[in-house]
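A.B. asks: For reference, the structure I am asking about is given below.
The values are calculated or read from the model by the stated rules, or taken from the named source; none is laboratory data. Given the structure is predicted, the values throughout are model-derived calculations rather than measurements. Positions of Cβ are backbone-derived with ideal geometry, glycine not excepted, and every protein chain shown enters the neighbour counts.
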Amino acid sequence: MHDKLLRTALFVPAIRPDRLPKALATEADAVIIDLEDSVAPDDKLTARRHLAEFAAAHPDERFMVRINDGTTTWFDQDLALCRELPGVVGIVLPKAEAARHVHIVSGAGKPLIPVIESARGLRNLDGIAGAAGVWRLSFGILDLMLEFGTRPGTEGSARILDQVRYQILLHSSMNGLPPPLDTIYADFSDLEGLGRRIAVARDMGFGGMLCIHPAQIPIVHEAFLPSADELDWARRVLAEAERGGALAFRVDGRMVDLPLIERARRLLARDGQ
């Protein structure tokens, strides 16, 4: 799981067992079966039962699970179920605020994605990102904007969003984690807006995105494919580097040194070359 390419992680509610096979049949790199926000409090037990029954009926399927956060009464039972099911290959911990909750979840022995959704979570990011078992980070902007009093869909909210992204990127890098996942894009009918949003996240250094609808998957995947011009540049850079000699040289009139050589390697690796 740690080595798997993760550009898209698609949420599907556990309370809708009819949707689980459909979600797993999409091209999403990972499917997250949700026990948290998409499940009403009175339906938590039923959702957990649906998940257990689905896993038993489909033993070859692999998926992640978003459990309820560590302050809720459902946390322990959600975690116990994830520990039991071999099909669960990762756990998403929402509203991650304390390293101790991350340590508890990591004890299940599954790769973990903490989701930062509060000011307290942002303040404690270093301890959360550095906890054992953390695979990569993500964040939930809707809860953060509600806490901050930020108005969604405004220039101000875009500035807050980028500040949060910076913190997520910084702590991912400091703790040697893979590129983090960008937060959801709530308007799944606005594919053009999604394309603009994910292009910004990609250019900042994010590796993928949390998705809420299958229609978002091809848009996100396309955004993370290197362009033909990028691939041509990367091939020429590596060809020049392989000739030996200087560690710095010019390509297209611009200096290329070790960081750009490594970027060229990563571009070709992303394209499967």
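A.B. asks: I need a count of the residues in segment 149-161 that are in a helix (DSSP H, G or I) and surrounded by 12 or more Cβ atoms within 10 Å (Cβ to Cβ).
C.D. replies: 5
A.B. asks: Here's a follow-up. For LEU177, state whether it is under 17 Å from the mean Cα position of the chain (by Cα), hydrophobic (A, V, I, L, M, F, W, C) and under 24 Å from CYS82 (Cβ atoms).
C.D. replies: Criteria met by LEU177.
A.B. asks: Shifting gears a bit: Looking only at segment 223-257, which residues are in contact with a Leu (Cβ under 9 Å, 6 or more places away or on another chain) and more than 26 Å from ALA199 (Cα to Cα)?
C.D. replies: Hits for segment 223-257 are ALA241, LEU247, ALA248.
A.B. asks: Checking the conditions here, which among ILE160, ILE141 is without any contact (Cβ under 8 Å) to a residue 40 or more places away in the chain, out of contact with any Lys or Arg (no Cβ under 8 Å at 6 or more places or on another chain) and not aromatic (Phe, Trp, Tyr)?
C.D. replies: ILE160
A.B. asks: Could you list, ordered by first residue, the pairs with Cβ atoms under 7 Å in which the first is in segment 170-198 and under 19 Å from ALA9 (Cβ atoms) and the second is surrounded by 14 or more Cβ atoms within 10 Å (Cβ to Cβ) and among the aromatic types (Phe, Trp, Tyr), at least 6 apart or interchain?
C.D. replies: Cβ pairs passing all conditions: PRO179/PHE206; PRO180/PHE206; LEU181/PHE206; ASP182/PHE206; THR183/PHE139; LEU194/TYR185; ARG197/TYR185.
A.B. asks: Going through MET209, MET204, MET255 one at a time, which residue ends up being buried (at least 19 other Cβ atoms within 10 Å of the Cβ) and modelled with pLDDT of 85 or more?
C.D. replies: Every option except MET209 fails the conditions.
A.B. asks: How many residues, within segment 111-138, are of a type in the set (D, E, K, R) and modelled with pLDDT under 95?
C.D. replies: 1
A.B. asks: Scan segment 127-141 for residues that are closer than 22 Å to ALA186 by Cα and not polar (S, T, N, Q) and jot them down.
C.D. replies: Those that are closer than 22 Å to ALA186 by Cα and not polar (S, T, N, Q): ARG136, LEU137, PHE139, GLY140, ILE141.
A.B. asks: A further question follows. Take the residues of segment 226-252 that are loosely packed, with under 13 Cβ neighbours inside 10 Å and within 26 Å of the chain's Cα centre (by Cα): which is nearest to ARG19 (Cα to Cα)?
C.D. replies: The qualifying residue nearest to ARG19 (Cα to Cα) is SER227.
A.B. asks: Restricting to segment 26-58, name every residue that is under 15 Å from ILE212 (Cβ atoms) and either at pLDDT below 95 or surrounded by fewer than 17 Cβ atoms within 10 Å (Cβ to Cβ) (or both).
C.D. replies: Result: ASP37, single match.
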